[in-house]
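The values are calculated or read from the model by the stated rules, or taken from the named source; none is laboratory data. The structure displayed is predicted, hence computed values, not measured ones. Here the Cβ positions follow ideal geometry from the backbone for every residue, glycine too, while neighbour counts run over all protein chains shown. Ligands, DNA and RNA are stripped out before the accessible areas are found, and what is left, the full protein with its side chains, is counted by its heavy atoms. Shrake-Rupley method; radii C 1.70, N 1.55, O 1.52, S 1.80 Å.
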Amino acid sequence: MIGFFCDAEAGLEGARIYEEGREALRERVSWAQLPDPRPEDLADSVAQMLQLRRARDLRAAPQLRPPLTLALEALHQEQPVEDAALRRQALDVLGHTGDELAEQILLRFLESEDWVDRTHAVRAYVRQRRPFGEAGRPTVDTLMDDPDESVREALFEGLKELIAAVEFSDQVAHDQIDAAIRRGLADEDEDVQAAAAEAQELRKSLLG
């Protein structure tokens, strides 16, 4: 709600803005300080001053932005994200886009020394169709070279999303999926084997 007032004797006018019953902004305008040419309507002059005030407030106010947004921006700028949970959440988000810059971040984290970061990166990288094997991108099956079994298991978590979305005619993707499953079924780790078997069953049920 906006309330206007005018005091002709004092040469003043102004307004108060209320939001949800509370005063959010109070502004007084001296006619002597109005810019030239002056607005013809008193309400217009107040509105003009309020817009200037709001512009100043926006410039001065701190920009409160979600931590995940800041983490994503930091990764795009190749800056560290010290909060590990937030960093990995950002990697998961990047896996849902085919954006080339997002992909470059995932590729960078596939080489991370932190196996948990690699777990999130590999799951994110394979969850949707990309030009696997082109322009330096690893193929799906070569990601099974990771020395950590948790990373190899995570590959199949992402791969199940890819299997559900890949086009039937995309033979290149199917060949890589099958190669990864074969390697998973022969893996030395039982959890990786089980994950590969689940992916194989899903592939059969969806693709034949």
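Considering only the stretch 144-166, state which residues are closer than 21 Å to residue 206 by Cβ and either among the aromatic types (Phe, Trp, Tyr) or open to solvent by less than 30 Å² (accessible area, probe 1.4 Å) (or both).
Taking the stretch 144-166 and keeping what is closer than 21 Å to residue 206 by Cβ, we get 153-166.
154, 155, 156, 158, 159, 162, 163, 166 - these are the residues of the stretch 144-166 that are closer than 21 Å to residue 206 by Cβ and either among the aromatic types (Phe, Trp, Tyr) or open to solvent by less than 30 Å² (accessible area, probe 1.4 Å) (or both).
Out of the residues in the stretch 172-208 that are open to solvent by 70 Å² or more (accessible area, probe 1.4 Å) and of a type in the set (Lys, Arg), which is farthest from residue 149 (Cα to Cα)?
Ranking the candidates gives 204 first.
Among the listed residues 169, 112, which satisfies the condition of being open to solvent by 10 Å² or more (accessible area, probe 1.4 Å), among the small types (Gly, Ala, Ser) and under 25 Å from residue 207 (Cβ atoms)? Reasoning before the result, please.
On the way: 112 fails: under 25 Å from residue 207 (Cβ atoms).
Going through 169, 112 in turn, the sole match is 169.
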